[in-house]
1. Looking at the range 187-204 only, could you name the residues that are crowded, with 17+ Cβ neighbours inside 10 Å and more than 15 Å from K232 (Cα to Cα)?
2. Residue by residue through the range 224-241, note down the ones that are of a type in the set (K, R) and surrounded by 17 or more Cβ atoms within 10 Å (Cβ to Cβ).
3. Could you list, in sequence order, the residues of the range 132-167 that are surrounded by 22 or more Cβ atoms within 10 Å (Cβ to Cβ), among the aliphatic types (A, V, I, L, M) and assigned to a helix (DSSP H, G or I)?
4. Where residues in the range 168-224 are basic (K, R) and either part of a loop (DSSP other than H, G, I, E, B) or more than 18 Å from the chain's Cα centre (by Cα) (or both), which of them is modelled with the highest pLDDT?
5. Just wondering, is there one or more residues in the range 116-130 that are buried (at least 21 other Cβ atoms within 10 Å of the Cβ), out of contact with any His (no Cβ under 9 Å at 6 or more places or on another chain) and either in a loop (DSSP other than H, G, I, E, B) or of a type in the set (F, W, Y) (or both)?
6. Count, please, the residues in the range 229-278 that happen to be among the β-branched types (V, I, T) and assigned to a strand (DSSP E or B).
7. Among the residues of the range 2-20, are any assigned to a loop (DSSP other than H, G, I, E, B), farther than 20 Å from A90 by Cβ and in contact with a helix residue (DSSP H, G or I) (Cβ under 8 Å, 6 or more places away or on another chain)?
8. Provide a single number: the residues in the range 1-36 that are within 21 Å of T286 (Cα to Cα), in contact (Cβ under 8 Å) with a residue 12 or more places away in the chain and of a type in the set (D, E).
Amino acid sequence: METSKVKQLQDFGQSIWLDFLDRHLIVSGQLKEYIENDGLRGLTSNPAIFEKAISGSADYDEQIRTLAAAYQDNEAIFYNLAVTDIQNAADVFGPTFAKGADGYVSLEVSPRLAHDTNRTIKQSVELWKKVNRENVMIKIPATPEGLPAIRKTIGEGLNINITLLFSLDRYEQVTDAYLSGLEDRVAAGQPIDHIASVASFFLSRIDVLVDPVLETKGHPEMKGEVAIACAKQAYQIYKRVFSSDRFKKLQVNGAMPQRVLWASTGTKDPSFPDTKYVEALIGPETINTIPPETLDAYRDHGRPASRLEHDLDSAGQTLVQLKKIGIDLAEIGAQLEKEGIEKFNKPYDQLLQAIEEKKSSIATAAS
(Lines give C-alpha, C1' and ligand atoms only; values in the text may rest on other atoms or scores of the structure.)
Protein backbone atom coordinates (compact mmCIF):
# COMPACT_ATOMS: atom_id res chain seq x y z
CA MET A 1 0.00 0.00 0.00
CA GLU A 2 1.41 3.39 -1.03
CA THR A 3 2.21 5.79 1.81
CA SER A 4 -0.24 8.70 1.93
CA LYS A 5 1.14 11.87 0.35
CA VAL A 6 0.10 13.67 3.53
CA LYS A 7 2.15 11.27 5.63
CA GLN A 8 5.15 11.76 3.32
CA LEU A 9 5.41 15.38 4.48
CA GLN A 10 6.96 14.05 7.68
CA ASP A 11 10.00 13.08 5.57
CA PHE A 12 10.61 16.82 5.10
CA GLY A 13 10.23 17.66 8.78
CA GLN A 14 6.72 19.08 8.55
CA SER A 15 3.80 18.12 10.77
CA ILE A 16 0.23 18.23 9.50
CA TRP A 17 -2.47 19.21 11.97
CA LEU A 18 -6.19 19.19 11.21
CA ASP A 19 -8.07 22.50 11.28
CA PHE A 20 -11.35 20.92 12.29
CA LEU A 21 -13.09 19.26 15.21
CA ASP A 22 -16.51 17.88 15.95
CA ARG A 23 -17.79 15.06 18.13
CA HIS A 24 -18.54 12.77 15.20
CA LEU A 25 -14.89 12.98 14.07
CA ILE A 26 -13.86 11.42 17.38
CA VAL A 27 -16.62 8.87 18.06
CA SER A 28 -16.69 7.60 14.45
CA GLY A 29 -13.00 6.74 14.58
CA GLN A 30 -12.23 9.10 11.69
CA LEU A 31 -9.67 11.04 13.72
CA LYS A 32 -7.83 7.84 14.59
CA GLU A 33 -7.84 6.86 10.91
CA TYR A 34 -6.33 10.22 9.94
CA ILE A 35 -3.57 9.65 12.49
CA GLU A 36 -2.85 6.10 11.35
CA ASN A 37 -3.22 6.55 7.58
CA ASP A 38 -2.19 10.17 6.98
CA GLY A 39 0.21 10.70 9.85
CA LEU A 40 -1.92 13.51 11.30
CA ARG A 41 -0.04 14.94 14.27
CA GLY A 42 -2.29 17.52 15.89
CA LEU A 43 -5.55 19.44 15.72
CA THR A 44 -6.79 23.01 16.03
CA SER A 45 -10.23 24.41 16.80
CA ASN A 46 -11.78 27.88 16.81
CA PRO A 47 -15.20 29.45 17.48
CA ALA A 48 -16.30 29.08 13.85
CA ILE A 49 -15.49 25.35 13.88
CA PHE A 50 -17.41 24.80 17.12
CA GLU A 51 -20.37 26.85 15.89
CA LYS A 52 -20.77 24.55 12.87
CA ALA A 53 -20.30 21.44 15.00
CA ILE A 54 -22.80 22.32 17.73
CA SER A 55 -25.49 24.04 15.65
CA GLY A 56 -25.21 21.62 12.74
CA SER A 57 -25.86 18.33 14.54
CA ALA A 58 -27.72 16.69 17.39
CA ASP A 59 -24.49 15.21 18.77
CA TYR A 60 -24.35 17.75 21.59
CA ASP A 61 -28.03 17.86 22.54
CA GLU A 62 -27.87 15.35 25.36
CA GLN A 63 -24.94 17.10 27.03
CA ILE A 64 -26.63 20.48 26.55
CA ARG A 65 -29.71 19.07 28.32
CA THR A 66 -27.54 18.02 31.27
CA LEU A 67 -25.52 21.24 31.37
CA ALA A 68 -28.60 23.46 31.10
CA ALA A 69 -29.72 22.15 34.48
CA ALA A 70 -26.44 23.28 36.04
CA TYR A 71 -25.60 26.49 34.15
CA GLN A 72 -27.67 29.52 33.16
CA ASP A 73 -24.82 31.05 31.17
CA ASN A 74 -24.58 29.81 27.57
CA GLU A 75 -20.85 30.59 27.46
CA ALA A 76 -20.29 28.25 30.41
CA ILE A 77 -22.31 25.58 28.61
CA PHE A 78 -20.26 26.06 25.45
CA TYR A 79 -16.91 25.71 27.19
CA ASN A 80 -18.06 22.55 28.94
CA LEU A 81 -19.04 21.12 25.54
CA ALA A 82 -15.75 22.24 24.00
CA VAL A 83 -13.63 20.92 26.86
CA THR A 84 -15.24 17.49 26.47
CA ASP A 85 -14.29 17.38 22.78
CA ILE A 86 -10.81 18.75 23.41
CA GLN A 87 -10.15 16.21 26.17
CA ASN A 88 -11.33 13.33 23.97
CA ALA A 89 -9.28 14.53 20.99
CA ALA A 90 -6.22 15.00 23.23
CA ASP A 91 -6.62 11.42 24.45
CA VAL A 92 -6.72 10.13 20.85
CA PHE A 93 -3.46 12.01 20.20
CA GLY A 94 -1.92 10.67 23.42
CA PRO A 95 0.33 8.11 21.69
CA THR A 96 1.54 10.77 19.23
CA PHE A 97 2.34 13.14 22.10
CA ALA A 98 4.21 10.41 23.94
CA LYS A 99 6.63 10.17 21.00
CA GLY A 100 7.54 13.88 21.38
CA ALA A 101 7.13 17.21 19.52
CA ASP A 102 3.50 16.76 18.42
CA GLY A 103 0.10 15.42 19.45
CA TYR A 104 -1.32 18.79 20.55
CA VAL A 105 -4.96 19.89 20.47
CA SER A 106 -5.81 23.62 20.63
CA LEU A 107 -8.69 25.40 22.37
CA GLU A 108 -9.22 29.14 21.91
CA VAL A 109 -10.08 31.74 24.52
CA SER A 110 -13.22 33.75 23.86
CA PRO A 111 -12.79 36.11 20.87
CA ARG A 112 -14.57 38.72 22.98
CA LEU A 113 -11.38 38.96 25.07
CA ALA A 114 -9.05 39.85 22.19
CA HIS A 115 -8.37 43.32 23.65
CA ASP A 116 -8.45 42.38 27.33
CA THR A 117 -5.11 41.19 28.70
CA ASN A 118 -6.15 40.30 32.24
CA ARG A 119 -9.30 38.40 31.32
CA THR A 120 -7.41 36.54 28.59
CA ILE A 121 -4.85 35.39 31.18
CA LYS A 122 -7.61 34.41 33.61
CA GLN A 123 -9.59 32.39 31.08
CA SER A 124 -6.46 30.76 29.64
CA VAL A 125 -5.47 29.44 33.07
CA GLU A 126 -9.05 28.32 33.79
CA LEU A 127 -9.32 26.42 30.49
CA TRP A 128 -5.87 24.90 30.94
CA LYS A 129 -6.85 23.53 34.35
CA LYS A 130 -10.29 22.42 33.17
CA VAL A 131 -8.99 20.46 30.17
CA ASN A 132 -6.24 18.98 32.35
CA ARG A 133 -4.22 17.43 29.53
CA GLU A 134 -0.48 17.88 28.96
CA ASN A 135 -1.04 17.98 25.21
CA VAL A 136 -3.52 20.84 25.08
CA MET A 137 -2.61 24.29 23.75
CA ILE A 138 -4.59 27.39 24.66
CA LYS A 139 -5.01 29.79 21.75
CA ILE A 140 -4.38 33.48 22.39
CA PRO A 141 -4.59 36.09 19.61
CA ALA A 142 -1.50 38.10 18.66
CA THR A 143 -3.17 41.44 19.42
CA PRO A 144 -1.24 44.15 21.30
CA GLU A 145 -3.22 43.14 24.38
CA GLY A 146 -2.58 39.47 23.67
CA LEU A 147 1.21 39.82 23.75
CA PRO A 148 1.54 40.36 27.53
CA ALA A 149 -1.00 37.58 28.04
CA ILE A 150 1.19 35.26 25.98
CA ARG A 151 4.24 36.15 28.08
CA LYS A 152 2.37 35.69 31.36
CA THR A 153 0.77 32.35 30.46
CA ILE A 154 4.05 30.95 29.12
CA GLY A 155 5.56 32.08 32.43
CA GLU A 156 2.78 30.16 34.20
CA GLY A 157 3.82 27.00 32.34
CA LEU A 158 0.96 26.75 29.82
CA ASN A 159 1.29 25.55 26.22
CA ILE A 160 0.20 28.43 23.98
CA ASN A 161 -0.87 28.58 20.33
CA ILE A 162 -0.63 32.19 19.16
CA THR A 163 -3.39 32.86 16.66
CA LEU A 164 -4.51 35.64 14.29
CA LEU A 165 -0.94 36.47 13.28
CA PHE A 166 -0.70 38.35 9.99
CA SER A 167 2.43 40.53 9.92
CA LEU A 168 6.17 40.01 10.19
CA ASP A 169 6.57 42.83 12.73
CA ARG A 170 3.98 41.28 15.00
CA TYR A 171 5.61 37.88 14.58
CA GLU A 172 8.88 39.31 15.95
CA GLN A 173 6.91 40.55 18.97
CA VAL A 174 5.34 37.13 19.44
CA THR A 175 8.73 35.40 19.54
CA ASP A 176 9.88 37.96 22.10
CA ALA A 177 6.79 37.33 24.25
CA TYR A 178 7.52 33.59 24.17
CA LEU A 179 11.19 33.96 25.06
CA SER A 180 10.39 36.52 27.76
CA GLY A 181 7.85 34.14 29.30
CA LEU A 182 10.45 31.37 29.40
CA GLU A 183 13.01 33.75 30.92
CA ASP A 184 10.49 34.82 33.57
CA ARG A 185 9.93 31.19 34.47
CA VAL A 186 13.65 30.37 34.66
CA ALA A 187 14.18 33.43 36.87
CA ALA A 188 11.46 32.07 39.19
CA GLY A 189 13.27 28.74 39.39
CA GLN A 190 10.56 26.87 37.46
CA PRO A 191 11.09 24.20 34.76
CA ILE A 192 10.56 25.05 31.10
CA ASP A 193 11.35 21.75 29.38
CA HIS A 194 7.66 20.80 29.07
CA ILE A 195 6.39 24.06 27.53
CA ALA A 196 5.37 24.03 23.87
CA SER A 197 4.19 26.93 21.74
CA VAL A 198 3.40 27.60 18.09
CA ALA A 199 2.97 30.87 16.21
CA SER A 200 0.07 30.54 13.76
CA PHE A 201 0.66 32.66 10.66
CA PHE A 202 -2.60 33.18 8.74
CA LEU A 203 -1.98 33.08 4.99
CA SER A 204 -4.84 32.93 2.49
CA ARG A 205 -6.57 35.93 4.06
CA ILE A 206 -3.51 38.06 3.20
CA ASP A 207 -3.90 37.26 -0.49
CA VAL A 208 -7.68 37.73 -0.37
CA LEU A 209 -7.13 41.31 0.84
CA VAL A 210 -4.03 42.21 -1.19
CA ASP A 211 -4.81 40.64 -4.58
CA PRO A 212 -7.62 43.05 -5.58
CA VAL A 213 -5.33 45.98 -4.71
CA LEU A 214 -2.58 44.50 -6.90
CA GLU A 215 -5.06 44.25 -9.78
CA THR A 216 -6.09 47.88 -9.29
CA LYS A 217 -2.45 49.01 -9.20
CA GLY A 218 -1.63 47.14 -12.40
CA HIS A 219 0.36 44.24 -10.94
CA PRO A 220 -1.76 41.14 -11.57
CA GLU A 221 1.42 39.06 -11.92
CA MET A 222 1.92 39.35 -8.14
CA LYS A 223 -1.47 37.84 -7.29
CA GLY A 224 -1.23 34.91 -4.92
CA GLU A 225 2.43 35.59 -4.15
CA VAL A 226 2.33 37.88 -1.11
CA ALA A 227 1.19 35.46 1.60
CA ILE A 228 3.77 32.86 0.59
CA ALA A 229 6.50 35.53 0.45
CA CYS A 230 5.53 36.62 3.98
CA ALA A 231 5.60 33.02 5.19
CA LYS A 232 9.05 32.43 3.73
CA GLN A 233 10.32 35.58 5.42
CA ALA A 234 8.69 34.52 8.71
CA TYR A 235 10.57 31.23 8.51
CA GLN A 236 13.86 33.11 8.16
CA ILE A 237 12.94 35.09 11.29
CA TYR A 238 12.18 31.80 13.05
CA LYS A 239 15.59 30.39 12.13
CA ARG A 240 17.36 33.54 13.31
CA VAL A 241 15.51 33.85 16.63
CA PHE A 242 15.78 30.19 17.56
CA SER A 243 19.47 29.93 16.78
CA SER A 244 20.26 33.11 18.76
CA ASP A 245 22.37 33.25 21.91
CA ARG A 246 19.26 34.35 23.79
CA PHE A 247 17.45 31.13 22.91
CA LYS A 248 20.53 28.95 23.40
CA LYS A 249 20.68 30.08 27.05
CA LEU A 250 17.10 28.84 27.47
CA GLN A 251 17.80 25.68 25.52
CA VAL A 252 20.26 24.64 28.22
CA ASN A 253 17.20 24.40 30.48
CA GLY A 254 15.29 22.32 27.93
CA ALA A 255 13.44 25.09 26.06
CA MET A 256 11.76 24.08 22.81
CA PRO A 257 11.62 26.38 19.76
CA GLN A 258 8.27 28.01 19.14
CA ARG A 259 7.47 26.46 15.76
CA VAL A 260 5.73 28.41 13.02
CA LEU A 261 2.36 27.04 12.02
CA TRP A 262 0.82 27.88 8.66
CA ALA A 263 -2.88 28.59 9.22
CA SER A 264 -5.74 29.64 6.95
CA THR A 265 -4.28 27.35 4.28
CA GLY A 266 -7.49 26.41 2.51
CA THR A 267 -7.49 28.14 -0.89
CA LYS A 268 -10.06 30.96 -1.08
CA ASP A 269 -9.48 31.93 -4.74
CA PRO A 270 -10.86 29.20 -7.06
CA SER A 271 -8.31 30.17 -9.73
CA PHE A 272 -5.51 28.90 -7.46
CA PRO A 273 -4.65 25.20 -6.96
CA ASP A 274 -6.43 23.74 -3.93
CA THR A 275 -3.09 22.68 -2.43
CA LYS A 276 -1.35 26.03 -3.05
CA TYR A 277 -0.58 26.89 0.59
CA VAL A 278 0.59 23.39 1.39
CA GLU A 279 2.92 22.79 -1.56
CA ALA A 280 4.83 26.06 -1.29
CA LEU A 281 5.52 25.92 2.45
CA ILE A 282 6.87 22.44 3.12
CA GLY A 283 9.94 22.68 5.33
CA PRO A 284 11.57 21.38 8.51
CA GLU A 285 10.35 22.24 12.01
CA THR A 286 7.07 23.67 10.68
CA ILE A 287 3.39 22.80 10.99
CA ASN A 288 0.60 23.20 8.47
CA THR A 289 -2.92 23.07 9.86
CA ILE A 290 -5.36 22.24 7.09
CA PRO A 291 -9.13 21.70 6.80
CA PRO A 292 -10.42 18.22 5.85
CA GLU A 293 -11.08 19.16 2.22
CA THR A 294 -7.48 20.33 1.76
CA LEU A 295 -6.22 17.18 3.46
CA ASP A 296 -8.29 15.09 1.03
CA ALA A 297 -6.99 17.12 -1.92
CA TYR A 298 -3.37 16.71 -0.86
CA ARG A 299 -3.78 12.99 -0.31
CA ASP A 300 -5.15 12.78 -3.86
CA HIS A 301 -2.72 14.96 -5.82
CA GLY A 302 -0.11 16.47 -3.52
CA ARG A 303 3.53 16.67 -4.58
CA PRO A 304 5.65 16.32 -1.42
CA ALA A 305 8.98 18.16 -1.61
CA SER A 306 10.80 20.69 0.55
CA ARG A 307 10.10 24.13 -0.94
CA LEU A 308 9.98 26.57 1.97
CA GLU A 309 13.44 27.96 1.25
CA HIS A 310 13.21 27.89 -2.53
CA ASP A 311 13.30 31.24 -4.36
CA LEU A 312 13.99 33.28 -1.24
CA ASP A 313 15.38 36.12 -3.37
CA SER A 314 12.14 36.21 -5.36
CA ALA A 315 10.09 36.25 -2.14
CA GLY A 316 12.19 39.14 -0.83
CA GLN A 317 11.73 41.04 -4.09
CA THR A 318 7.97 40.55 -3.86
CA LEU A 319 7.92 42.26 -0.47
CA VAL A 320 10.18 45.09 -1.70
CA GLN A 321 7.99 45.58 -4.77
CA LEU A 322 4.91 45.66 -2.57
CA LYS A 323 6.35 48.59 -0.64
CA LYS A 324 7.31 50.39 -3.88
CA ILE A 325 3.76 50.29 -5.20
CA GLY A 326 2.41 51.65 -1.92
CA ILE A 327 1.06 48.59 -0.13
CA ASP A 328 1.96 48.66 3.56
CA LEU A 329 2.01 45.16 5.04
CA ALA A 330 1.80 46.54 8.58
CA GLU A 331 -1.47 48.27 7.68
CA ILE A 332 -2.69 45.12 5.93
CA GLY A 333 -1.86 43.12 9.05
CA ALA A 334 -3.73 45.55 11.31
CA GLN A 335 -6.81 45.40 9.07
CA LEU A 336 -6.72 41.59 8.92
CA GLU A 337 -6.34 41.37 12.70
CA LYS A 338 -9.43 43.55 13.16
CA GLU A 339 -11.39 41.54 10.59
CA GLY A 340 -10.16 38.25 12.05
CA ILE A 341 -11.50 39.11 15.50
CA GLU A 342 -14.84 40.11 13.94
CA LYS A 343 -14.92 36.85 11.93
CA PHE A 344 -14.55 34.86 15.15
CA ASN A 345 -16.92 37.03 17.19
CA LYS A 346 -19.78 36.54 14.74
CA PRO A 347 -19.80 32.71 14.81
CA TYR A 348 -19.17 32.86 18.56
CA ASP A 349 -22.35 34.91 19.03
CA GLN A 350 -24.19 32.55 16.65
CA LEU A 351 -22.90 29.62 18.68
CA LEU A 352 -24.25 31.00 21.94
CA GLN A 353 -27.57 31.70 20.22
CA ALA A 354 -27.67 28.14 18.87
CA ILE A 355 -27.18 26.81 22.40
CA GLU A 356 -30.04 29.02 23.60
CA GLU A 357 -32.29 27.67 20.85
CA LYS A 358 -31.35 24.09 21.64
CA LYS A 359 -32.12 24.69 25.33
CA SER A 360 -35.54 26.06 24.40
CA SER A 361 -36.21 23.14 22.05
CA ILE A 362 -35.20 20.65 24.73
CA ALA A 363 -37.41 22.37 27.33
CA THR A 364 -40.39 22.37 24.95
CA ALA A 365 -39.93 18.69 24.18
CA ALA A 366 -39.79 17.86 27.87
CA SER A 367 -43.00 19.77 28.72
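The values are calculated or read from the model by the stated rules, or taken from the named source; none is laboratory data. The shown structure was predicted, so the numbers you read here are calculated from the model rather than taken from an experiment. Cβ: placed from backbone, ideal geometry, glycine included. Neighbour counts: every protein chain shown.
1. Initial filter on the range 187-204 (crowded, with 17+ Cβ neighbours inside 10 Å): 192, 195-204.
Hits for the range 187-204 are I192, I195, A196, S197, V198.
2. K232
3. Residues satisfying the conditions are A149, I150, I154.
4. Taking the range 168-224 as the starting set, the residues that turn out to be basic (K, R) are 170, 185, 205, 217, 223.
With the extra rule that they be either part of a loop (DSSP other than H, G, I, E, B) or more than 18 Å from the chain's Cα centre (by Cα) (or both), the set shrinks to 185, 217, 223.
On the way: R185: 98, K217: 93, K223: 94.
Once the filter is applied, the top-ranked residue is R185.
5. Among the residues of the range 116-130, not one is buried (at least 21 other Cβ atoms within 10 Å of the Cβ), out of contact with any His (no Cβ under 9 Å at 6 or more places or on another chain) and either in a loop (DSSP other than H, G, I, E, B) or of a type in the set (F, W, Y) (or both), which makes the answer no.
6. Narrowing the range 229-278 to residues among the β-branched types (V, I, T): 237, 241, 252, 260, 265, 267, 275, 278.
Next, only the ones that are assigned to a strand (DSSP E or B) stay: 260.
Total meeting the criteria: 1.
7. Yes; the residues of the range 2-20 include at least one that is assigned to a loop (DSSP other than H, G, I, E, B), farther than 20 Å from A90 by Cβ and in contact with a helix residue (DSSP H, G or I) (Cβ under 8 Å, 6 or more places away or on another chain).
8. Residues in the range 1-36 being within 21 Å of T286 (Cα to Cα), in contact (Cβ under 8 Å) with a residue 12 or more places away in the chain and of a type in the set (D, E): 2 in total.
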